[in-house]
Each structure stands twice: as C-alpha cells, then as structure tokens.
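Reading through the structure tokens given below for one structure.
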Amino acid sequence: MEYEIRYYSEAVQDDILTLPDSLAARYVVLTRRMLAIGPNLGEPHTKAMGHGLFELRLKGAEGIARVFYCTKVGRRIVMLHSFVKKSNRTPPHELAVATSRLKEVRHEDA
C-alpha cells in the first residue's frame, strides 16, 4: 500500500508549487519516493525535528528550501509549511508556524 500526501491548506500547496524550478523539481522527486517507501528518507533528504514534526530538505541551483510535514494514521503525510532558507539556521518563526499547524492537525484526529 502506497502513502498519500495531503496539504495543510491550498495556500501551502501553492507555496510549494511556486518554489523556484530546481527546488520544485527536487520536491517532486523526493515526494514520489515518499509515496512509494514512506516519509523517512533519512538524511540528507529528511530530518526529524522532534515531537512528530519532520522536514523535507530541498537543495537546488536557486538555493535551499524546507518543507515541514507530519505523518498521520493510515499512511498519510501532511505537508504543513514551506519556506526558502536564507541563513544556516531555521528561523524560529518558520518553525513556530509548522509547530502550530502540527498541533491543529493532531487536534483534528483527537
């Protein structure tokens, strides 16, 4: 049984699809792999951020981007938030957005 990818909102999906070309292409490649084998691709492609939050690590000619996601029962992967990195560290605001959305998604399942 394959995995399924969902998006927190249409805005999140639109943000991901409007990433620069090489980053969007990398996203497509990695998410196809996630659909086939699951959400944990291992580093350098994915990284656990703690408390059920993960990041998909995209690198391309235009720079670096991150897509935060979580997993749900039933082999579902939910893309929560994306951003293009401008520094070595993940900005606290970007992590806070993803964490807040993770809590909302978990609350829906409760």
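The values are calculated or read from the model by the stated rules, or taken from the named source; none is laboratory data. Keep in mind the model is a prediction, meaning the values are calculated, not measured. All Cβ positions, glycine included, derive from the backbone under ideal geometry; neighbour counts span all protein chains shown. Accessible surface areas use protein heavy atoms only, side chains included; no ligands, DNA or RNA. Shrake-Rupley method; radii C 1.70, N 1.55, O 1.52, S 1.80 Å.
Please verify whether S9 is at negative phi, in contact with an Asp or Glu (Cβ under 7 Å, 6 or more places away or on another chain) and at pLDDT 95 or above, treating the condition exactly as stated.
Considered against the rule, which asks whether it is at negative phi, in contact with an Asp or Glu (Cβ under 7 Å, 6 or more places away or on another chain) and at pLDDT 95 or above, S9 comes out as no.
So the check is Cβ under 8 Å with 6+ separation or different chains; which pairs have a first residue in region 87-110 that's under 12 Å from Y8 (Cβ atoms) and touching a residue at least 40 places away in the same chain (Cβ under 8 Å) and a second one that's open to solvent by less than 80 Å² (accessible area, probe 1.4 Å) and of a type in the set (K, R)?
That search, which allows pairs on different chains as well, returns V105/K72.
Quick test for you: out of R101, R89, pick the one residue that is modelled with pLDDT under 90 and either open to solvent by less than 50 Å² (accessible area, probe 1.4 Å) or not in a strand (DSSP E or B) (or both).
R89
Residue check, E2 against (1) more than 13 Å from the chain's Cα centre (by Cα); (2) in a helix (DSSP H, G or I), all met but one. Which one?
Only one criterion in (1) more than 13 Å from the chain's Cα centre (by Cα); (2) in a helix (DSSP H, G or I) is unmet by E2, namely (2).
With respect to V73, determine if the residue is touching a helix residue (DSSP H, G or I) at 6+ places or on another chain (Cβ under 9 Å), surrounded by fewer than 15 Cβ atoms within 10 Å (Cβ to Cβ) and not charged (D, E, K, R).
Yes.
Determine if region 15-37 includes at least one residue that is closer than 25 Å to K103 by Cβ, in a strand (DSSP E or B) and either of a type in the set (K, R) or open to solvent by 60 Å² or more (accessible area, probe 1.4 Å) (or both).
No, region 15-37 contains no residue that is closer than 25 Å to K103 by Cβ, in a strand (DSSP E or B) and either of a type in the set (K, R) or open to solvent by 60 Å² or more (accessible area, probe 1.4 Å) (or both).
Within region 48-68, can one find any residue that is free of Cβ contacts under 8 Å to residues at least 40 places away in the same chain, closer than 18 Å to R101 by Cβ and in contact with a Pro (Cβ under 7 Å, 6 or more places away or on another chain)?
yes
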